[in-house]
Structures are given as C-alpha cells and as structure tokens.
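Note sheet for the following structure.
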Amino acid sequence: MIGLLLLILSSTSLLGQGDSLGVFENLVGSTWISSGKQLGGHDGKTVKEISWGLDGEIVKVKSYTTDPKTLKFGLRNEGVRIYNVQTQQLEFYEFDKLGGVSKGVIKTEGKSLHYEYEYGGLLLRDSWIYKSKDEYLFRVCSLSEKGECLQTYHEGKFIRQKK
C-alpha cells in the first residue's frame, strides 16, 4: 500500500507545471527587442525580459515600451505564464501600470506561441512565430469564433539581445 502511494505521488510530481512550460525554454533567460513601428503606429521599441520563477514552475515577463502619447520609454507590464493543472492549459496574466489585467490561454504550434484573449470586446491573438533561436515574428490579429485571423493590427519581430 505504501509503495502504491509513493508511486502515485512521484508520478503526480512528474506532471508539475514546469513540465508543460518547455515551449518557453528558448525565450527564458534572455531579453527580446522589437524596434521600429510599434502597436499603435508610432516609432519606438518594446523590450521583454523573460525569466523562470518559482523554481521553473512559472515564466515571468517584464515589458518595457515606448509610450505612444509621451514617447517616453519605461516599464509598462509585468506578467506570468503558467501551466494550470486544473484546466490543463497554458495561461497568461499581464498586469499593466494603469491597473489593467489581461488574461487568456496560450496555444502552441511547434516552437511558436499564440496568446488568445479578449480585449475591448474583441477576441485577439498575439503570436510569437518561431523563425530561429534568436528571432520571432510577432503578429497581433483579431480572431473569428473558429480561431482564424480576421484583421492584422500589427506585425514586427523580436530579436534576442546579444550579451
């Protein structure tokens, strides 16, 4: 009986959150930069610092952007990515400096990530499309109920900052 209990407990720990966060392996431990036209149409940059948290059980993201109104650069959002054991989905939560919270699910396709969430009455998808270990195409589009991109609002790329 004790052996069976130990077997169940050990197999449960093998299914922890960190096991499902492997798609972030290439992104974590790096700073990613997007320069040029930003979401909203202004010139600027976005910098994302991505790191592990809780001993690899979550991914933490700090986002710095050029403010579209003031054109000042600074911290805009902080967020986490988790594997929710109850829903068996990757989820994200973003907290912005204006008090807003965005949350949704992350769908994967190979090494690419697609963040799906509601914002301003629209269903949106932010995609990090893997191009190489140092580059991702970044695309924001609205989605149909079937999950098809309807309108692309922004397209750019994130490049790993070299140390």
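The values are calculated or read from the model by the stated rules, or taken from the named source; none is laboratory data. Just so it is clear, the model here is predicted, and its values are computed rather than measured. Quick reminder, even Gly has a Cβ in these numbers, built from the backbone with ideal geometry, and neighbours come from all protein chains shown.
A few points about this structure:
- Meets criteria (buried (at least 17 other Cβ atoms within 10 Å of the Cβ), hydrophobic (A, V, I, L, M, F, W, C) and at pLDDT 95 or above) for Ile50: yes
- Residues of the range 148-162 that are in a strand (DSSP E or B) and polar (S, T, N, Q): Gln151, Thr152.
- Flag: Tyr130 matches the condition of being assigned to a strand (DSSP E or B), in contact (Cβ under 8 Å) with a residue 40 or more places away in the chain and over 25 Å from Leu75 (Cβ atoms).
- Candidates Val140, Val105, Val85 - the one that is among the β-branched types (Val, Ile, Thr), out of contact with any helix residue (DSSP H, G or I) (no Cβ under 9 Å at 6 or more places or on another chain) and over 20 Å from Gly44 (Cβ atoms): Val105
- When residues of the range 48-71 are limited to those that are assigned to a strand (DSSP E or B) and in contact (Cβ under 8 Å) with a residue 40 or more places away in the chain, the one farthest from the chain's Cα centre (by Cα): Ile58
- In the range 128-152, the residue that is farthest from the chain's Cα centre (by Cα) out of those that are small (Gly, Ala, Ser) and over 15 Å from Asn26 (Cβ atoms) is Ser144.
- Residue count for the range 127-145, restricted to those that are within 14 Å of Ser34 (Cα to Cα) and not basic (Lys, Arg): 9
- Filter result for the condition that a residue is among the aliphatic types (A, V, I, L, M) and farther than 19 Å from Leu143 by Cα, over Val105, Val59: Val59
- The residue list Val140, Val105 contains one member that is exposed (fewer than 15 other Cβ atoms within 10 Å of the Cβ), touching an Asp or Glu at 6+ places or on another chain (Cβ under 6 Å), assigned to a strand (DSSP E or B) and hydrophobic (A, V, I, L, M, F, W, C), which is Val105.
- Among residues that are at pLDDT below 95 and of a type in the set (A, V, I, L, M, F, W, C), Leu14 is included.
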